[in-house]
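First up is the structure itself, then whatever we jot down about it.
The values are calculated or read from the model by the stated rules, or taken from the named source; none is laboratory data. Everything numeric in this text was worked out from a predicted model, so none of it was measured. For neighbour counting, all protein chains shown are included, and Cβ atoms are generated from backbone atoms with ideal geometry for every residue, glycine included. Surface areas here come from the heavy atoms of the whole protein model, side chains and all, with no ligands, DNA or RNA. Shrake-Rupley method; radii C 1.70, N 1.55, O 1.52, S 1.80 Å.
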Amino acid sequence: MELIRSVAEMAALGRKWRAENLRVGLVPTMGYLHEGHLALAQRAVGENDLTVLSIFVNPIQFGPSEDLAVYPRDLDGDLAKAGAVGVNYAFVPEAEDMYPQGFGTSMDVAGVTETLCGASRKGHFQGVCVVLTKLFNLVQPANAYFGQKDGQQLAVVRKLVKDLNIPVHIAGVPIVREADGLAKSSRNVYLDAECREQALVLNQSLQLAKRLFDEGERDASLIKAAVQAHIETAPLAQIEYVEMVDAVTMQPVRRPEGQVMLAVAVRFKGTRLIDNVLLG
Ligand code: AMP
């Protein structure tokens, strides 16, 4: 696997691959890779002529009180893991190279960014959309891979490429979980033993929602109340949101029709975890 550190070099390779008509897969990440990221990478490797995995802790998608400075990093480990699943190139740019002096563009994908994480993390999706647009322009991928773990991000990027006619296919990959059900996340390393144990209520509550839905329950407020009550059995859980939204528009629904997403964000001693389940 080859390591690319410079934006100019990435752009030159992207142009070359396009000229050669190669089908390129892109897997955008913030690093500290786990099996969730690797599921995306494996799928990309299987579906493309070559795969680029980017590792970039994008400063402009973090709020001032968020964990940018302490976000976990392990470049050597990441390169070994990505190489082992067949990734061809790791693109690991510096923030100063991505956002040089004078950078001034912001982006707002209205509608899908107004609920859930978009409501509680102001500016987050603006930063996500800017960095992804830059990555799409640099790498020129035919396919880009995103996890259902960040269900709203997946909806936002689908809307972004549709609205702007960006010629990339967006593939969504199911959530990869630990054996006990906790969704894999780079941020799980922040959890102490007590929080780690109590964090199991997230997936348990989503399974409860799925069971209610499968049994025919269609009152969103009733399903959300059951989810909330289960999460509240964990003394350390501080709920940020429990919401049921349309899977495409991310707008809250009262009675689920078509595909909906039941999504939760919960803090455990300051560590913010998100999880979701698709229903219907
Ligand atoms: P991140 O490094 O957290 O920005 O994640 C990079 C990509 O990996 C995003 O598309 C995430 O949705 C995806 N991802 C993270 N965790 C998981 C997981 N447990 N299962 C599936 N995809 C994941």
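So, R18, is that one away from the ligand (no atom under 11 Å from the Cβ) and surrounded by 13 or more Cβ atoms within 10 Å (Cβ to Cβ) or not? When the stated conditions are applied, R18 passes them.
Tell me whether region 233-247 contains one or more residues that are under 30 Å from V27 (Cβ atoms) and within 16 Å of the ligand (Cβ to nearest atom). Checked region 233-247: at least one residue is under 30 Å from V27 (Cβ atoms) and within 16 Å of the ligand (Cβ to nearest atom). Scanning region 207-220 for residues that are open to solvent by 50 Å² or more (accessible area, probe 1.4 Å) and either β-branched (V, I, T) or within 26 Å of the chain's Cα centre (by Cα) (or both) turns up Q207, K210, R211. If you check L191, L164, L182, which single one turns out to be over 24 Å from A41 (Cα atoms) and open to solvent by less than 30 Å² (accessible area, probe 1.4 Å)? Just a single option satisfies the conditions, and that option is L191. Being at pLDDT 95 or above, within 11 Å of the ligand (Cβ to nearest atom) and on the phi < 0 side of the Ramachandran plot is true of D150. Y71 passes every criterion in (1) crowded, with 18+ Cβ neighbours inside 10 Å; (2) out of contact with any Gly (no Cβ under 8 Å at 6 or more places or on another chain) apart from (1). Residue check: Y32 meets all listed conditions (1) surrounded by fewer than 18 Cβ atoms within 10 Å (Cβ to Cβ); (2) touching a Pro at 6+ places or on another chain (Cβ under 7 Å) but one, namely (1). One residue stands out in region 102-131 among those that are β-branched (V, I, T) and free of Cβ contacts under 8 Å to residues at least 60 places away in the same chain: the one that is surrounded by the fewest Cβ atoms within 10 Å (Cβ to Cβ), namely T105.
Is it fair to say A82 is within 21 Å of N188 (Cα to Cα), in the same structural domain as A144 (by TED's automatic domain parsing), open to solvent by 20 Å² or more (accessible area, probe 1.4 Å) and within 13 Å of the ligand (Cβ to nearest atom)?
Numbers: within 21 Å of N188 (Cα to Cα): yes; in the same structural domain as A144 (by TED's automatic domain parsing): yes; open to solvent by 20 Å² or more (accessible area, probe 1.4 Å): no; within 13 Å of the ligand (Cβ to nearest atom): yes.
Criteria not met by A82.
Regarding V157, is this residue at pLDDT 95 or above, within 13 Å of the ligand (Cβ to nearest atom) and in contact with an Asp or Glu (Cβ under 8 Å, 6 or more places away or on another chain)? Considered against the rule, which asks whether it is at pLDDT 95 or above, within 13 Å of the ligand (Cβ to nearest atom) and in contact with an Asp or Glu (Cβ under 8 Å, 6 or more places away or on another chain), V157 comes out as no.
Filter region 132-145 for residues that are surrounded by 22 or more Cβ atoms within 10 Å (Cβ to Cβ) and closer than 25 Å to K184 by Cα; which is farthest from the ligand (Cβ to nearest atom)? Per the criteria, the residue is L135. Scanning region 50-68 for residues that are surrounded by 14 or more Cβ atoms within 10 Å (Cβ to Cβ) and among the acidic types (D, E) returns a single hit, D67. Of the helices (runs of 4 or more DSSP H) lying entirely inside region 102-204, those containing at least 3 residues that are touching a strand residue (DSSP E or B) at 6+ places or on another chain (Cβ under 8 Å) are 116-120, 124-139, 151-163. Being in contact with an Asp or Glu (Cβ under 8 Å, 6 or more places away or on another chain) and surrounded by fewer than 20 Cβ atoms within 10 Å (Cβ to Cβ) is the filter here; which residues of region 222-232 pass it? Of everything in region 222-232, just one residue is in contact with an Asp or Glu (Cβ under 8 Å, 6 or more places away or on another chain) and surrounded by fewer than 20 Cβ atoms within 10 Å (Cβ to Cβ), namely K224.
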